[in-house]
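Participant: Sending over a structure as structure tokens; questions will come in a sec.
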Amino acid sequence: MARRAQALARSHPQGPGGAGGIKSQPTGDATAVDLDRLIHERMRLGIVSALAVNPSLSFSELKALMHTTDGNLSVHARKLEEAGYVTCTKSFEGRVPKTDYALTAAGRKALERYLNHMEAIIRATRDR
Amino acid sequence: MATVRPISSAPSVHPPALHDRAIDNLQYIREAMERAEPVTVISGWGIVAAGGVAFVATAATLRTPLTTRWVATWVAAAVVAFAVSLGATIRKANRAKTPFLTGATQRLALAFAPAMFIAAVLTGTLLRHGLGELLTPLWLLSYGAAVTAAGMFSVRVIPVMGACFVLLGTVAAIVPTGFETLLMAAGFGGVHAVFGVLIARRYGG
């Protein structure tokens, strides 16, 4: 999936760079109505993408990767956990508590769906 | 009476097209994956193999005085260890079906290179001035700095490994001469072996 996301992004290198959100606009065959809002949010999309290329990542590793705060990360990670997209395992390394996150099959499928959706939008607008 | 103006006027520029936003989202996913990638790309077993090469060099130089032969053996070991580690990393990337040359690996290499370049230049300078006894602290400190810098783009275990090399390099700079080979074995052999196993177990090979 990593290769596919990278290949897709590379084949459309002229991305605007802004943080755009997809609104519910008609786009021919591809509509944004069924867009998975849960992983459409930037932080959650980043978490799911990072976990897609790793068996698991600790809370601090994810925090460093996403350049975010403890509070922000835990809020978004909890939403993903509640949706069943990630699993959260708490353990101790010596006396230090450790939280590990891993992508579930549902989460992987959701990312796959999201990639399909983006691809469909690009294809639909290009074909016009 | 004052004129009433709307608080928010219509935007002067058109919002980005849906197509552009979709491309932007794909770009974001790609970057997030690339940032997270070094975790899986660096081969732990490759690092263990580099440690093995260092132990072989230790056996070959244990009773050798600090001569050109000692230096040549360790330089050759470094070249072999680098090649073995690189090969293992490429194999790991192929096995995971992820491209090896990505933005993430390029950033990692760029962070790693400067300290190693400094080490190469100073190795020649120290040898020319007959200061071969300073090579062990130089190599351990430079490699430690390179690994710590490259580790900034990876998981915490990598910069911790770099810090261990810096610590050993500091010890090598303090202790009297005669312990060079043992310190090289502890660093390039021992530290590599321990952290290589750790990386292999935690991050899939």
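The values are calculated or read from the model by the stated rules, or taken from the named source; none is laboratory data. Treat the numbers as computed from the prediction; the structure is a model and nothing was measured. Cβ placement follows ideal geometry from the backbone for every residue including glycine, while neighbour counts extend to all protein chains displayed. Heads up: the accessible areas ignore ligands, DNA and RNA and are worked out on the full protein's heavy atoms, side chains in. Shrake-Rupley method; radii C 1.70, N 1.55, O 1.52, S 1.80 Å.
Participant: For the subset of the stretch A:94-128 comprising residues that are open to solvent by less than 40 Å² (accessible area, probe 1.4 Å) and over 25 Å from B:HIS19 (Cβ atoms), which member is farthest from the chain's Cα centre (by Cα)?
Facilitator: Start the filter on the stretch A:94-128 by keeping residues that are open to solvent by less than 40 Å² (accessible area, probe 1.4 Å), which leaves A:99-104, A:107, A:110-111, A:114-115, A:117-118, A:120-122, A:124-125.
From what is left, the residues that are over 25 Å from B:HIS19 (Cβ atoms) are A:99-104, A:107.
Working: A:THR99: 19, A:ASP100: 17, A:TYR101: 13, A:ALA102: 12, A:LEU103: 10, A:THR104: 12, A:GLY107: 9 Å.
If we take residues in the stretch A:94-128 being open to solvent by less than 40 Å² (accessible area, probe 1.4 Å) and over 25 Å from B:HIS19 (Cβ atoms), then A:THR99 is farthest from the chain's Cα centre (by Cα).
Participant: Which of the numbered conditions does A:ASP70 fail, given that it passes all the others? Conditions: (1) over 14 Å from the mean Cα position of the chain (by Cα); (2) modelled with pLDDT of 90 or more; (3) facing another protein chain (nearest Cβ under 8 Å).
Facilitator: (3)
Participant: Among the residues of the stretch B:30-38, are any modelled with pLDDT of 90 or more, part of a helix (DSSP H, G or I) and either within 14 Å of chain A (Cβ to nearest Cβ) or farther than 20 Å from B:VAL155 by Cβ (or both)?
Facilitator: no
Participant: Do any residues in the stretch B:153-176 that are away from chain A (no Cβ under 14 Å) and free of Cβ contacts under 8 Å to residues at least 40 places away in the same chain have Cβ atoms under 8 Å from those of residues that are surrounded by fewer than 16 Cβ atoms within 10 Å (Cβ to Cβ) and of a type in the set (D, E, K, R), where the two are at least six apart or on different chains, and which pairs are they?
Facilitator: So the pair list comes out empty.
Participant: Still on this structure, I have one more. State yes or no: is A:ALA77 at pLDDT 95 or above, small (Gly, Ala, Ser) and under 15 Å from A:ASN54 (Cβ atoms)?
Facilitator: Considered against the rule, which asks whether it is at pLDDT 95 or above, small (Gly, Ala, Ser) and under 15 Å from A:ASN54 (Cβ atoms), A:ALA77 comes out as yes.
Participant: Still on this structure, I have one more. Would the stretch B:172-191 turn up any residue that is within 14 Å of the chain's Cα centre (by Cα) and within 24 Å of B:TRP70 (Cα to Cα)? Steps first, answer last, please.
Facilitator: Taking the stretch B:172-191 as the starting set, the residues that turn out to be within 14 Å of the chain's Cα centre (by Cα) are B:188, B:191.
If we keep only those that are within 24 Å of B:TRP70 (Cα to Cα) too, we end up with B:188, B:191.
Yes, the stretch B:172-191 has at least one match.
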